[in-house]
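The values are calculated or read from the model by the stated rules, or taken from the named source; none is laboratory data. Quick caveat: nothing in here was measured; it's all calculated off a predicted structure. Using ideal geometry, Cβ is built from the backbone for each residue, glycine included, and neighbour counts are taken over all protein chains shown.
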Amino acid sequence: MEQPKNYEKVSIYGLDQPQREQLLQAQRECVFNWCTKDSWPMGVIMTMLWHGNKAWLTCSEQRHRVSAVRRNPKVSVVLTSKGTSLGPNKTITIKGTCIVHNSREIKDWFYPKFALRRCDGDQTAAQDFLEKLDSPLRVILEVRPEKYITYDGEKLEAHTRGILDQSKLTAMSESDAKRHNLIQAKKSQNNSL
């Protein structure tokens, strides 16, 4: 198999769907990103519960991110495999729409699952956490994925060594398949002037 000449077109090293699901179940920490009213991107590290093919998070309603996503529900969630049994160099970025929930019905199923996840399955710690979690101003953020960007560094390393099975490569993104060549051609044209 031909080895890569450089690391510009890395979209071919994505996670397959089972790997993606495994990472979403394994990692509980993510970066939640939104835009402020003056269009600045912001992000904070939060605990995440992956449930029903959606990312679920929680915070107190006075947090700026709550008013921001009510105004503009376009968000992203970013996580890495670092610190999980999957090892380093695997990432997922979720582009999605965020819905803010305050209903008792959602809180009743979410809080116990979230507390248990947050406390790594320790029932006693989860119960103590749950008692403090269910507070008057707490809301739940539901992120519905619209797009995934994934990366598997192990595939890149195997490809570089010439030992990656071609069937493990993922479809090349539009930015790598088209935009890369357009930008490269433009730079070559500018350099020849």
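When the residues of region 149-180 are filtered to those that are within 20 Å of Thr91 (Cα to Cα) and acidic (Asp, Glu), the one that is surrounded by the fewest Cβ atoms within 10 Å (Cβ to Cβ) is Glu174.
The residue that is surrounded by the fewest Cβ atoms within 10 Å (Cβ to Cβ), counting only those in region 37-77 that are within 16 Å of Val139 (Cβ to Cβ) and basic (Lys, Arg), is Arg71. Residue check: is Pro136 farther than 19 Å from Glu29 by Cβ, surrounded by 15 or more Cβ atoms within 10 Å (Cβ to Cβ) and either β-branched (Val, Ile, Thr) or more than 13 Å from the chain's Cα centre (by Cα) (or both)? No.
Glu154: under 30 Å from Val69 (Cβ atoms) and not polar (S, T, N, Q), yes or no? In short, no. Close contacts from region 168-193, counting a first residue that is at pLDDT below 80 and a second that is among the charged types (D, E, K, R) and surrounded by 13 or more Cβ atoms within 10 Å (Cβ to Cβ), with Cβ to Cβ under 8 Å and a gap of 6+ residues or different chains, come to His180/Lys9.
For region 1-36, the set of residues classified as over 30 Å from Lys178 (Cβ atoms), surrounded by fewer than 16 Cβ atoms within 10 Å (Cβ to Cβ) and polar (S, T, N, Q) consists of Gln25, Thr36, listed by residue number.
For the residues Thr93, Thr97, Thr84, the requirement of being among the β-branched types (Val, Ile, Thr) and assigned to a loop (DSSP other than H, G, I, E, B) singles out Thr84.
Within region 151-173, is even one residue more than 25 Å from Arg20 (Cβ to Cβ) and in contact with a Phe, Trp or Tyr (Cβ under 7 Å, 6 or more places away or on another chain)? No, that holds for no residue.
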